[in-house]
1. Of everything in region 54-66, what is part of a helix (DSSP H, G or I) and either more than 14 Å from residue 82 (Cα to Cα) or touching a residue at least 24 places away in the same chain (Cβ under 8 Å) (or both)? Give them in sequence order.
2. Any idea which of 29, 24, 46 is more than 15 Å from the chain's Cα centre (by Cα) and either on the phi > 0 side of the Ramachandran plot or buried (at least 16 other Cβ atoms within 10 Å of the Cβ) (or both)?
3. Condition first: farther than 21 Å from residue 96 by Cα and crowded, with 24+ Cβ neighbours inside 10 Å. Now tell me which residues in region 119-145 satisfy that.
4. Among what's in region 166-181 and is in contact with a strand residue (DSSP E or B) (Cβ under 7 Å, 6 or more places away or on another chain) and at pLDDT 95 or above, pick the residue that is nearest to residue 138 (Cα to Cα).
5. Of the residues 51, 13, only one is in a strand (DSSP E or B) and either closer than 23 Å to residue 137 by Cβ or in contact with a strand residue (DSSP E or B) (Cβ under 8 Å, 6 or more places away or on another chain) (or both); which?
């Protein structure tokens, strides 16, 4: 499924983000940037040791990546030239700024990509795995944040949401159908 927002094509696809040939992919990282489970582990495994080396250098400088913030490394062995690492919120009860932090994870990733002149980018569903953000709520925040950003910034050629499971894809598709008009 895809829609146009200004000159940008926004795609929803079911698949593996580590296989995307976009200029950048976004990693749903932890604050230590040392790899982990889910998307984070898959990106580190597929990208090889270069990504981890660069993450260690970043952590030496900043100590820890805060929730909602984003940093960039090369893509190592991935088809994507860059990986933008962002930390999504851990779901508690929705009263601990989770919505704000999740929106920030998407918008800060897009802002960083724009600064680097990246024209094509792929996102996973941030915080909906081990961080337990309710899927439908996360999809609403993610899609609204990205669509709003694209309406204000006519920079990107292509933005993809690469959703690993059919269930996640179907939820994002349902939400995009509600907000696209």
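The values are calculated or read from the model by the stated rules, or taken from the named source; none is laboratory data. Not measured: the values here are computed from a predicted model. Please note: Cβ atoms are built from the backbone with ideal geometry, for glycine as well, and neighbour counts cover all protein chains shown.
1. If the condition is that a residue be part of a helix (DSSP H, G or I) and either more than 14 Å from residue 82 (Cα to Cα) or touching a residue at least 24 places away in the same chain (Cβ under 8 Å) (or both), then 55, 56, 57, 58, 59, 60, 61, 62 are the ones that fit.
2. 46
3. The answer is 121, 122, 123, 124.
4. As a first pass, look at region 166-181 and keep what is in contact with a strand residue (DSSP E or B) (Cβ under 7 Å, 6 or more places away or on another chain): 166, 169, 172-173, 176, 180.
Now restrict to residues that are at pLDDT 95 or above: 166, 169, 172-173, 176.
Numbers: 166: 16, 169: 12, 172: 9, 173: 13, 176: 12 Å.
Here the answer is 172.
5. 13
Matching residues to (1) touching a residue at least 12 places away in the same chain (Cβ under 8 Å); (2) surrounded by fewer than 22 Cβ atoms within 10 Å (Cβ to Cβ); (3) within 17 Å of the chain's Cα centre (by Cα):
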| site | (1), (2), (3) |
| --- | --- |
| 42 | yes, yes, yes |
| 51 | yes, no, yes |
| 71 | yes, no, yes |
| 81 | yes, yes, yes |
| 91 | yes, yes, yes |
| 96 | no, yes, no |
